[in-house]
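Here's the structure, in structure tokens; my notes come after.
Values quoted throughout were computed directly from the atomic coordinates according to the rules given, and no laboratory measurement underlies them. Bear in mind that the values here come from a model prediction, so they are computed numbers and not experimental data. With ideal geometry, Cβ positions are generated from the backbone for all residues, glycine too; neighbour counts draw on all protein chains shown.
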Amino acid sequence: MSSKNTLFKNGRVLDPANRRDAIGDVLVLEGRIAGAGAPVPADAEVVDCTGLLVTPGLIDLHVHLREPGQSAKETIASGSRAAAAGGFTTVVCMPNTAPSIDSASVVSWVLEKARAEACVRVLATGALSKGIAGEEMAPIGALKKAGVVALTDDGRCIQNHELMRRALEYARMFGLVVMDHCQDYSLVGKGVMHEGYWSTVLGLPGWPAAGEELIVQRNALLADLTGTPIHCQHLSAAGSVRVLREARQRGVPLSGEICPHHIALTDASLQGYDTNFKMNPPLRSEEHVEALLEGIADGTITILASDHAPHCGFEKEVEFDQAPFGILGLETEVGLFLDILVHKRKVIDLNRFVEMYTLNPARLLGLDSGTLSPGVPADITVLNPGLEWTVDREASFSLSRNTPFHGWELKGRAVRTVVAGETVWKV
């Protein structure tokens, strides 16, 4: 991308990393954030941001871009366009591809493809185990050298606690965070939705909340034992929040993220057997939603993410228990979180919202992004928190259409996305 000079003028600048929250300007010179007092070049583009938020570029650390091997669902190119339209300048892609990202050669392929075709920054995670099969540890040192920013078997979960411990110890030696999809297979079995009233009424196999909570507890114990940071992905259960809260209070290096569908919907949404509402972990009952909101409010849950999981239409057009888990998220998550957390429920303010998408994920993964500090690459998101809009799946940049939010009216969205000083998307 070419860099350029741009003045973002009269916006509310929210930069949690520098504790900045004030009406002001942000000047971009040659693709980098300029320092205070820097002269504005005569050729600089002036973007009037009156009434808008100017923030560091948003980061989504949980995205499935499906390449290599599943390009009918999504590609790095199409997924990055969806990310830009959602306001994201950086996305972290998961390794459950075909082949999985469990070797240096696949990491290199993904990163080279991203450099050539992506309009936003694409960072790669490496698998914890070979083939994400949970049986043998992946070559963690080689993955680190190839450029991964974290390790995860997302989509699956290592059940062998000894293997998990050893993988954590190796991850710590190489300075890598481990992100974990928390699911105990023996408890979950063939569950396809939350185990409770609605699974009984609908006659669908139940996925008990304890199937997540047990692994979150396991991770708390192993993070304490090894000292390796563990990040629990897509939390959905009340017990998970309780375990996370208690562990963090004791100083255990455990963190967690929340996805918008787990607070926007409940298991009651499955009454029509619509497979667009099928995800892993599943939508849960109202008391779990309230616990998640409480966990966000008190700082137990520190990161917002999408778990963007595209699937082809024909894959979802089958019986509910045969359909794959997963929904789209990149283009709707900012609107959903702003609408629910900031406007309607008033769980957090705009500062916390921005922090959970910038400073916190950047700090977790050791990235130099997530800030508007002078000299850093100019990754910027301009948000209109009051903009009302309607979700239209047919207008999505994704190759897939599996969203349960089609037709939803939301308040708040990104209106401009800037990567290294170059505008890659705007309303």
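Quick notes
- Using 0.36 nm per residue and subtracting the Cα-Cα separation, the extra length available between ARG166 and THR50 on full extension is 36.5 nm.
- Residue exposure sequence - TRP198, TRP389, TRP425 - by fewest surrounding Cβ within 10 Å: TRP389, TRP198, TRP425
- Label-point separation, LYS145 to PHE314 (7 Å along Cα→Cβ), nm: 4.2
- Rg to Rh quotient for the chain, alpha carbon positions, Kirkwood Rh: 0.95
- Label positions at HIS406 and GLU135, each projected 7 Å from the Cα along the C-beta direction, are separated by 4.0 nm.
- Cβ-placed point charges (K, R +1; D, E -1), dipole of the chain about Cα centre in debye, nearest 20: 820
- Local net charge near ASP349, Cβ-Cβ under 13 Å (Lys/Arg +1, Asp/Glu -1): +2
- Using just its DSSP H runs of length 4 or more, each adding -39500 (n - 2.57), the chain gives a mean residue ellipticity at 222 nm of -8000 deg cm²/dmol after division by all residues.
- When the GluC sites (Glu not before Pro) in the stretch 251-327 are filtered for DSSP coil states and for at most 12 other beta-carbon atoms within 10 Å of their beta-carbon, the remaining sites are GLU317, GLU319.
- The largest-to-smallest principal axis extents of the Cα set in the stretch 80-227 are 50, 39, 25 Å.
- For the stretch 316-338, no residue has its backbone nitrogen under 14 Å from a point 7 Å from the Cα of TYR197, taken along Cα to Cβ.
- Length available on full extension from VAL40 to HIS343: 0.36 nm per residue minus the Cα-Cα distance, which gives 105.5 nm.
- Exposure proxy order (Cβ contacts within 10 Å, fewest to most) of ILE296, ILE340: ILE340, ILE296
- Dipole in debye (nearest 20) - the stretch 1-145, about Cα centre, beta carbon charges: Lys, Arg +1; Asp, Glu -1: 120
- Relative exposure of ILE380, ILE140, ILE258, judged by other C-beta atoms within 10 Å (fewest first): ILE140, ILE258, ILE380
- Here is the list for the stretch 146-232: trypsin sites (Lys or Arg not before Pro) lying in DSSP coil, each with at most 10 other C-beta atoms within 10 angstrom of its C-beta, are LYS190.
- Centre-to-centre separation between the Cα atoms of the stretch 154-169 and those of the stretch 365-411: 32 Å.
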